[in-house]
Amino acid sequence: MNKELYNQVVNSFFHCDPEAITRIFNEFLTAMQAQETMPPSSGMEQNYETAQANPEIHAIPGNLKDARDAIFPYFWGTDGWSSPLHLENVKGPANYASLVGALACLLKNPNLCTDTYSQRSNELEIKAITSLANLLFYHTDDPSGVFTMGGTTSNLYGAKIGIERVAPGTMRTGLQGKKIAGIVSTASHYSNQSVAGWLGIGADNLFAIPTDEAMSMRIDLLEEQLEKLHAEGYSVAFVTATFGTTDAFGVDDVSGIRRALDEFAQRNDVTVPQLHVDAAVGWVMSFLADYDSNSNSLDFSNQMLETIQRIQVRCRGLREADSISMDFHKMGWGHYPGSALLVNRRKDLKYLARTVEDTPYFSEADERRDPALFTLECSRPALGPFSVMASLNGIGLNGWRLLAARSVDLANQLKERLEKLPYCKVLNLQTDGPHVVWWVLPKGRDAKQIYREVQAGTMKAEEYSHYTSEIQRQFDKRSKSMSPKSDARLSFTTSIGYAPKDMKIPAWKAVFFNPKTDETIIDRIIESIEDLV
């Protein structure tokens, strides 16, 4: 062995050199700061064939500058979503308190599988999970949970608990021909189909309940579907409600679903299905759940106080959920991955449990706590707990309230102004969140009347198709004419989740996830629409 070369590798990459590391990190921060002053990037040219043909692993050991040079072009070519013009989807910039937490985590690199590999980082996970559970469940007795790879994985955990409740032992023996069903709404995230497929019940056994105009699951149709599935010999393992749909921020009536499930189970003498709530997008509204509107210490307007009171009513339903998914990397402005599964009762984790004998690699695992005995992953990063606790305590409860309320306020302002234009129709007036979905038709069209006819079922499919094509063309026209320096980046959805008379509704879409977005950007959105001929 070349001992001199070996020692060079160890000294360069396994000894902490604060000066060299901070110098390189300052270069990244400077680049990030420069990009924050620029409009949203349309994306640099990408050549996947070249990337695959030239993987480029250096043969000779180098130093930290070589590591920097290998990735810097891709760092510069990745948008940090720091521009206030980014309104196209449920993504915003990561906050810098989260960065502090993430850096601390990366320096120690704990694995949250057992205390042996994570030590006090496991304690931090419990602290973070309990803090989030107290926000969402509102100070439940014995909550628990874990951070996961993403919202899809968190939903998978909730569904899996449901399967084990109605078909005990499935973890070991499989479904064995049992007819297992899950239920979602038509506005739910498509990842629920992935969950059904990966868990083995099959996407065809995931049944979608239509929503009302507020993108909320219709309880009457849920009740009908539950009885129908029971009559057909199905065991309904879970109902996944949505708290903040991805397109329109629809919120399901969690309390109403709870009553429907309990009454269904009692009436038919069956196990109550797991009530899981996908709150990946909407969980942040729970910061407003106990805001005192009477003292109004943050000086919100009367209109915003009315909105907060409606939000508080919806948040109360979360207390009746069995489990909840939330993504801190969405409207928590944290770093990926920042997803978590929360369970209202710690004992429900038993449905996912393995024994120490099943995990000989973790022979030292403690059955009372170590997550390796019930998590899907054997290796789990601690970025979630570190970035979440740094963000929660850095920004503070009132800071989070201001951020959440401001995003809703901006969305309400855009809704109000769009609704005044006769050729526009806001499609989610009944939701209280940071999302706006709407139609823009050519001037001279009565968008509201067209929408009423669609809802009533009096419009022919051919005529409706003509109008939806116009809505898409108007969006494309704005996209081609917009100024990258002043016009917000919007997006387009082919279906908001509400489909009256089975007619899918497309829409323009803006999501106010960037705290730096302000009224001037709304002014320009309206101007750009009015400029369309």
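The values are calculated or read from the model by the stated rules, or taken from the named source; none is laboratory data. Everything numeric in this text was worked out from a predicted model, so none of it was measured. Here the Cβ is made from the backbone with ideal geometry for all residues, glycine too, and neighbour counts use every protein chain on show.
Being more than 28 Å from the chain's Cα centre (by Cα), modelled with pLDDT of 95 or more and closer than 23 Å to residue 188 by Cα narrows it down to one residue among 511, 454; which is it?
Numbers: 511 fails: more than 28 Å from the chain's Cα centre (by Cα).
Answer to the check: 454.
Can you report the number of residues in the range 507-527 which are touching a Ser or Thr at 6+ places or on another chain (Cβ under 8 Å) and without any contact (Cβ under 8 Å) to a residue 60 or more places away in the chain?
Matching residues across the range 507-527 total 1.
Only one of these is modelled with pLDDT of 90 or more, among the polar types (S, T, N, Q) and exposed (fewer than 11 other Cβ atoms within 10 Å of the Cβ): 30, 50. Name it. Give the steps one after another, and end with the answer.
Details: 50 fails: modelled with pLDDT of 90 or more.
Unique residue meeting the criteria: 30.
Quick check, is residue 426 in contact with a helix residue (DSSP H, G or I) (Cβ under 6 Å, 6 or more places away or on another chain), within 25 Å of residue 524 (Cα to Cα) and of a type outside the set (Asp, Glu)? Lay out the reasoning, then the answer.
Working: in contact with a helix residue (DSSP H, G or I) (Cβ under 6 Å, 6 or more places away or on another chain): yes; within 25 Å of residue 524 (Cα to Cα): yes; of a type outside the set (Asp, Glu): yes.
Against the criterion (in contact with a helix residue (DSSP H, G or I) (Cβ under 6 Å, 6 or more places away or on another chain), within 25 Å of residue 524 (Cα to Cα) and of a type outside the set (Asp, Glu)), residue 426 qualifies.
Testing residue 287 on (1) out of contact with any Pro (no Cβ under 7 Å at 6 or more places or on another chain); (2) within 18 Å of residue 430 (Cα to Cα), one condition comes back false. Which one is that?
(2)
Every residue in the range 73-83 that is in contact (Cβ under 8 Å) with a residue 24 or more places away in the chain and in a helix (DSSP H, G or I), please.
The answer is 75, 76.
Can you tell me which of 240, 271, 246 is in contact with a helix residue (DSSP H, G or I) (Cβ under 9 Å, 6 or more places away or on another chain) and within 19 Å of residue 326 (Cβ to Cβ)?
On the way: 271 fails: within 19 Å of residue 326 (Cβ to Cβ); 246 fails: in contact with a helix residue (DSSP H, G or I) (Cβ under 9 Å, 6 or more places away or on another chain).
Just a single option satisfies the conditions, and that option is 240.
Do we find a residue being under 25 Å from residue 526 (Cβ atoms), surrounded by fewer than 18 Cβ atoms within 10 Å (Cβ to Cβ) and out of contact with any Cys (no Cβ under 9 Å at 6 or more places or on another chain) anywhere in the range 452-463?
Yes, some residue in the range 452-463 is under 25 Å from residue 526 (Cβ atoms), surrounded by fewer than 18 Cβ atoms within 10 Å (Cβ to Cβ) and out of contact with any Cys (no Cβ under 9 Å at 6 or more places or on another chain).
Looking at the range 171-189, is at least one residue closer than 20 Å to residue 378 by Cα, among the aliphatic types (A, V, I, L, M) and under 23 Å from the mean Cα position of the chain (by Cα)?
Within the range 171-189, none of the residues are closer than 20 Å to residue 378 by Cα, among the aliphatic types (A, V, I, L, M) and under 23 Å from the mean Cα position of the chain (by Cα).
Looking at this structure, is residue 6 part of a helix (DSSP H, G or I) and closer than 30 Å to residue 376 by Cβ? Walk me through how you get there before you give the answer.
Details: part of a helix (DSSP H, G or I): yes; closer than 30 Å to residue 376 by Cβ: no.
Answer is no for this residue.
Keeping to the range 63-87, report how many residues are over 26 Å from the mean Cα position of the chain (by Cα) and either among the basic types (Lys, Arg) or under 30 Å from residue 410 (Cα atoms) (or both).
Of the residues in the range 63-87, 2 are over 26 Å from the mean Cα position of the chain (by Cα) and either among the basic types (Lys, Arg) or under 30 Å from residue 410 (Cα atoms) (or both).
Which of the numbered conditions does residue 23 fail, given that it passes all the others? Conditions: (1) more than 32 Å from the chain's Cα centre (by Cα); (2) over 29 Å from residue 100 (Cβ atoms).
Among (1) more than 32 Å from the chain's Cα centre (by Cα); (2) over 29 Å from residue 100 (Cβ atoms), the lone unmet condition for residue 23 is (2).
Is it the case that the range 140-149 has a residue that's modelled with pLDDT of 95 or more and within 21 Å of residue 225 (Cα to Cα)?
Checking the range 140-149: not a single residue is modelled with pLDDT of 95 or more and within 21 Å of residue 225 (Cα to Cα).
Pick from the range 45-67 the residues that are among the polar types (S, T, N, Q) and part of a helix (DSSP H, G or I): which of them is farthest from residue 5 (Cα to Cα)? It would help to see each step written out before you state the result.
Going residue by residue through the range 45-67, those that are among the polar types (S, T, N, Q) are 46-47, 50, 52, 54, 63.
Imposing the further condition that a residue be part of a helix (DSSP H, G or I) reduces the set to 50, 52.
Details: 50: 31, 52: 30 Å.
Restricting to residues being among the polar types (S, T, N, Q) and part of a helix (DSSP H, G or I), the top hit is 50.
Which ones in the range 464-488 are under 20 Å from residue 84 (Cα atoms), in contact with a helix residue (DSSP H, G or I) (Cβ under 9 Å, 6 or more places away or on another chain) and either modelled with pLDDT of 95 or more or surrounded by 11 or more Cβ atoms within 10 Å (Cβ to Cβ) (or both)?
Across the range 464-488, the qualifying residues are 478, 481, 482, 486, 487, 488.
If you go through the range 227-253, how many residues are crowded, with 24+ Cβ neighbours inside 10 Å and either part of a helix (DSSP H, G or I) or within 16 Å of the chain's Cα centre (by Cα) (or both)? Can you show your working first?
Step one: list which residues in the range 227-253 are crowded, with 24+ Cβ neighbours inside 10 Å, which gives 236-252.
In the following step, the residues that additionally are either part of a helix (DSSP H, G or I) or within 16 Å of the chain's Cα centre (by Cα) (or both) were identified as 240-252.
Within the range 227-253, residues that are crowded, with 24+ Cβ neighbours inside 10 Å and either part of a helix (DSSP H, G or I) or within 16 Å of the chain's Cα centre (by Cα) (or both) number 13.
So, restricting to helices (runs of 4 or more DSSP H) that lie completely within the range 84-198, which ones have at least 2 residues that are without any contact (Cβ under 8 Å) to a residue 24 or more places away in the chain and within 22 Å of residue 282 (Cα to Cα)?
Values: elements: 96-108, 115-118, 120-136, 151-166, 170-173.
Output list reads 120-136.
Filtering the range 120-153 down to residues that are among the hydroxyl-bearing types (Ser, Thr, Tyr) and touching a strand residue (DSSP E or B) at 6+ places or on another chain (Cβ under 9 Å), which residue is nearest to residue 104 (Cα to Cα)?
Across the range 120-153, the extreme among qualifying residues is 121.
For a quick check of your reading: which helices (runs of 4 or more DSSP H) sit entirely within the range 425-533 and have at least 2 residues that are of a type in the set (Ser, Thr, Tyr)?
461-481, 519-530
A quick yes/no check of all residues on (1) at pLDDT 95 or above; (2) crowded, with 22+ Cβ neighbours inside 10 Å:
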position: 154; (1), (2): yes, yes
position: 163; (1), (2): yes, yes
position: 167; (1), (2): yes, no
position: 175; (1), (2): no, no
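What about residue 331, is it outside any helix (DSSP H, G or I), under 20 Å from the mean Cα position of the chain (by Cα) and at pLDDT 95 or above?
Details: outside any helix (DSSP H, G or I): yes; under 20 Å from the mean Cα position of the chain (by Cα): yes; at pLDDT 95 or above: no.
No.
Looking at residue 286, is it assigned to a helix (DSSP H, G or I), under 29 Å from residue 186 (Cβ atoms), within 22 Å of the chain's Cα centre (by Cα) and not aliphatic (A, V, I, L, M)?
yes
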